[in-house]
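Peer 1: The structure's right below; bear with me while I get my questions together.
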């Protein structure tokens with residue numbers, strides 16, 4: 001029986017993967033060929049999707065950009081034996097894009113059948129959970145602290161310290177909430193992991209539950225991710241059936257239940273306190289902090305809130321030890337980061353590497369520059385609230401502190417590339433417009449400042465009293481930064497100010513920008 | 001889609017009776033059932049969840065997913081966020097506009113409705129779109145209308 005892999009990842013589906021899988025099954029049935037089609041996650045080489053792989057004695061051989069109507073021709077050319085063809089890539093694991101990565105969190109994504117627990121275990125799954133069950137909660141927390149793992153959602157807060165607070169807070173009920181409201185444009189790592197290896201997230205959440213004494217877990221997934229929701233629901237059902245979840249996790253007597261909650265199209269619900277409100281069934285209005293959610297979280301109970309990537313790094317840390325994870329990275333940015341190359345990029349997709357690679361290498365060497373073939377003008381890192389950086393920042397190593405030094409922000413690790421046709425005044429205006437659209441409305445600088453911001457930028461671009469309006473915009477940005485409750489209003493000035501500083505000509509500015 | 005009774009909605013919301021924290025879930029369930037949330041459903045949810053109608057209305061209007069009128073047969077989501085802007089979404093949006101669809105307004109024409117969305121998580125294969133939940137990468141007018149004609153036919 002020949003195994004053929006066709007991704008079920010929604011990026012692959014968007015290029016016709018379902019039709020390809022169907023065509024392979026149909027053709028094999030008609031020709032009497034013994035073929036099993038496995039629906040794997042995506043390898044993260046999104047420009048090659050649909051990427052079909054076939055298992056051979058030498059390893060898995062890949063075929064790029066396969067379309068359904070090509071299948072009869074590809075099969076007669078020997079696809080099922082990995083024969084060469086113009087769309088044949090050779091052994092997938094030998095491709096530079098894959099070979100040069102350090103895949104820890106994404107080690108299984110694209111490799112295994114995401115809904116096979118046996119496949120998951122055969123590839124190292126559940127080892128971390130088994131170790132955690134044999135440890136004391138304090139030791140688990142300590143291991144996570146020692147690993148240097150920091151929140152991958154954007155803020156970069158040390159995960160172990162957060163867990164420790166929840167562990168040391170007495171309560172009749174505690175919660176683990178996974179923030180899977182991946183709303184930042186240019187980010188899709190959470191989605192790809194949930195679709196391609198959901199058990200890793202589930203395992204990470206169970207370990208978190210054991211570590212802090214929480215018995216209930218919730219995954220808050222955005223409604224724009226219907227395929228991720230579907231895969232997670234199926235994976236949770238399998239985990240319940242196999243007693244990985246439930247009243248006695250792997251027979252340990254420890255209880256942990258997990259459920260998926262779906263968002264309803266609100267960006268600000270990715271902010272942790274707005275997410276809690278939404279999980280409580282309310283409007284996603286940001287809460288004032290303190291109290292922090294670790295003390296007063298979901299339904300007023302101590303709650304660990306971590307991003308998908310943070311929780312998914314945990315199984316490996318518990319399996320291989322804190323030292324192993326800690327050995328990757330630079331300075332206080334330890335471990336690996338799942339970078340997402342997006343926008344106008346030739347080789348877009350997932351790149352998991354230790355912190356420290358330079359921005360220029362990531363965009364040019366790994367990503368191959370722009371898709372349009374034109375020169376790169378700017379990149380936006382960390383989503384709609386992240387700064388724009390120009391090519392003079394190519395040498396900046398990718399890390400929390402190193403990016404902060406040049407006025408940037410790593411955020412969730414998404415990098416959106418723009419070529420030289422982009423107008424940065426439009427991008428700055430969009431940042432304010434987006435904030436106005438998505439603001440929860442709780443605090444004035446964000447709710448009203450963003451609308452005023454659009455108007456001021458329009459006046460600057462129209463050439464009306466530029467010096468005065470630039471001063472006004474700067475003043476507005478300062479108020480939003482210092483006076484907003486959360487990152488929505490607080491960071492919107494980042495893309496605005498950086499666009500203005502780097503590309504004043506795009507704003508038609510005739511005076512000096514301070 | 002307009003054939004519903006208070007009883008059928010209450011049956012559907014049964015598990016959430018008296019649960020004030022299930023307002024969002026209840027709205028989502030009603031929309032799953034009917035395709036939209038009719039005004040009268042707000043009262044039903046309020047009664048069932050034991051909260052005020054104002055609270056239900058507040059949640060209903062906060063989230064952009066909810067609709068107060070029935071959707072078209074084909075609902076197209078078009079991404080307007082940065083990564084797709086970098087990949088030429090502006091010209092796609094203007095082509096759609098020329099064909100009678102304003103994604104910012106979400107008007108219905110020929111059983112098709114096009115709406116803006118901020119990010120579908122397909123940022124390396126932009127412009128991204130989705131037709132009744134099925135993703136389209138490197139979206140063009142041709143690809144979008146091929147997908148809509150499959151569901152409106």
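The values are calculated or read from the model by the stated rules, or taken from the named source; none is laboratory data. Quick caveat: nothing in here was measured; it's all calculated off a predicted structure. Every residue, glycine among them, receives a Cβ derived from its backbone with ideal geometry; neighbour counts consider all protein chains shown.
Peer 1: Filtering the range A:396-423 down to residues that are within 11 Å of chain B (Cβ to nearest Cβ) and touching a helix residue (DSSP H, G or I) at 6+ places or on another chain (Cβ under 9 Å), which residue is surrounded by the most Cβ atoms within 10 Å (Cβ to Cβ)?
Peer 2: Ranking the qualifying residues of the range A:396-423, first place goes to A:416.
Peer 1: Answer yes or no as to whether residue A:362 is buried (at least 19 other Cβ atoms within 10 Å of the Cβ), out of contact with any helix residue (DSSP H, G or I) (no Cβ under 9 Å at 6 or more places or on another chain) and more than 23 Å from residue A:487 (Cβ to Cβ).
Peer 2: Yes.
Peer 1: Here's another thing I want to ask about it. Which one is nearest to the chain's Cα centre (by Cα), of the residues in the range B:30-59 that are surrounded by fewer than 18 Cβ atoms within 10 Å (Cβ to Cβ) and within 14 Å of another protein chain (Cβ to nearest Cβ)?
Peer 2: Result: B:36.
Peer 1: List pairs: first residue in the range A:101-124 and at positive phi, second residue part of a loop (DSSP other than H, G, I, E, B) and buried (at least 21 other Cβ atoms within 10 Å of the Cβ) anywhere in the structure, Cβ distance under 6 angstrom, at least six positions apart or on different chains.
Peer 2: Short answer, once both residue conditions are applied: A:110/A:40; A:110/A:41; A:110/A:42; A:110/A:43.
Peer 1: Moving to a separate point now. How many of the residues making up the range A:338-357 are in a loop (DSSP other than H, G, I, E, B) and at positive phi?
Peer 2: 1
Peer 1: Need at least 2 residues that are within 14 Å of chain B (Cβ to nearest Cβ) and at pLDDT 95 or above per element, so show me which helices (runs of 4 or more DSSP H) inside the range A:1-113 make the cut, counting only ones lying wholly within it.
Peer 2: Answer list for the range A:1-113: A:10-13, A:17-31.
Peer 1: Just checking, which of B:66, B:12 is closer than 29 Å to residue B:144 by Cβ and surrounded by fewer than 21 Cβ atoms within 10 Å (Cβ to Cβ)?
Peer 2: After applying the criteria, what remains is B:66.
Peer 1: Kindly indicate whether any position in the range A:384-395 is over 28 Å from residue A:144 (Cα atoms), at the interface with chain B (Cβ under 10 Å from one of its Cβ atoms) and surrounded by fewer than 24 Cβ atoms within 10 Å (Cβ to Cβ).
Peer 2: no
Peer 1: Here's another thing I want to ask about it. So which residues in the range B:105-125 are over 13 Å from the mean Cα position of the chain (by Cα) and more than 7 Å from every other protein chain (Cβ to nearest Cβ), if there are any at all?
Peer 2: Answer for the range B:105-125, where residues must be over 13 Å from the mean Cα position of the chain (by Cα) and more than 7 Å from every other protein chain (Cβ to nearest Cβ): B:109, B:110, B:111.
Peer 1: Let me ask something additional. Run residue A:442 past the list (1) surrounded by fewer than 17 Cβ atoms within 10 Å (Cβ to Cβ); (2) within 14 Å of another protein chain (Cβ to nearest Cβ) and report the number of the one that doesn't hold.
Peer 2: (1)
Peer 1: Filter the range A:313-329 for residues that are surrounded by 24 or more Cβ atoms within 10 Å (Cβ to Cβ) and touching a strand residue (DSSP E or B) at 6+ places or on another chain (Cβ under 9 Å); which is farthest from the other protein chains (Cβ to nearest Cβ)?
Peer 2: A:325
Peer 1: Another one. May I ask you to verify whether residue B:73 is over 23 Å from residue A:221 (Cβ atoms) and touching a strand residue (DSSP E or B) at 6+ places or on another chain (Cβ under 9 Å)?
Peer 2: In short, yes.
Peer 1: Okay, moving on. Checking the structure you have, find out if any residue of the range B:81-103 is farther than 18 Å from residue B:145 by Cα and more than 12 Å from every other protein chain (Cβ to nearest Cβ).
Peer 2: Within the range B:81-103, none of the residues are farther than 18 Å from residue B:145 by Cα and more than 12 Å from every other protein chain (Cβ to nearest Cβ).
Peer 1: Out of the residues in the range A:203-236 meeting the condition of being assigned to a loop (DSSP other than H, G, I, E, B) and surrounded by fewer than 24 Cβ atoms within 10 Å (Cβ to Cβ), tell me which one is nearest to the other protein chains (Cβ to nearest Cβ).
Peer 2: Taking the candidates together, the pick is A:223.
Peer 1: Another question, if that's okay. Only one of (1) in a loop (DSSP other than H, G, I, E, B); (2) touching a helix residue (DSSP H, G or I) at 6+ places or on another chain (Cβ under 8 Å); (3) away from chain B (no Cβ under 14 Å) is not met by residue A:286, so which one is it?
Peer 2: (3)
Peer 1: Moving on to the next point. All but one of (1) free of Cβ contacts under 8 Å to residues at least 60 places away in the same chain; (2) over 15 Å from residue A:308 (Cα atoms); (3) surrounded by fewer than 19 Cβ atoms within 10 Å (Cβ to Cβ) hold for residue A:157, so report the exception by its number.
Peer 2: (2)
Peer 1: Quick one: which residue in A:75, A:71, A:24 is in contact with a strand residue (DSSP E or B) (Cβ under 7 Å, 6 or more places away or on another chain) and surrounded by 14 or more Cβ atoms within 10 Å (Cβ to Cβ)?
Peer 2: A:24
Peer 1: Let me ask something else about it. Which residues, counting only those in the range A:29-59, are in contact (Cβ under 8 Å) with a residue 40 or more places away in the chain and in contact with a strand residue (DSSP E or B) (Cβ under 6 Å, 6 or more places away or on another chain)?
Peer 2: Correct list: A:35, A:38, A:40, A:44, A:45, A:46, A:51, A:52, A:53, A:54, A:55.
Peer 1: In the range A:246-283, how many residues are without any contact (Cβ under 8 Å) to a residue 60 or more places away in the chain and either assigned to a loop (DSSP other than H, G, I, E, B) or within 14 Å of chain B (Cβ to nearest Cβ) (or both)?
Peer 2: 15
Residues are listed down the side, and each one gets a yes or a no for (1) within 14 Å of chain B (Cβ to nearest Cβ); (2) crowded, with 19+ Cβ neighbours inside 10 Å; (3) in contact (Cβ under 8 Å) with a residue 12 or more places away in the chain:
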position: A:299; (1), (2), (3): yes, no, yes
position: A:303; (1), (2), (3): no, yes, yes
position: A:306; (1), (2), (3): no, yes, yes
position: A:331; (1), (2), (3): no, no, yes
position: A:352; (1), (2), (3): no, yes, yes
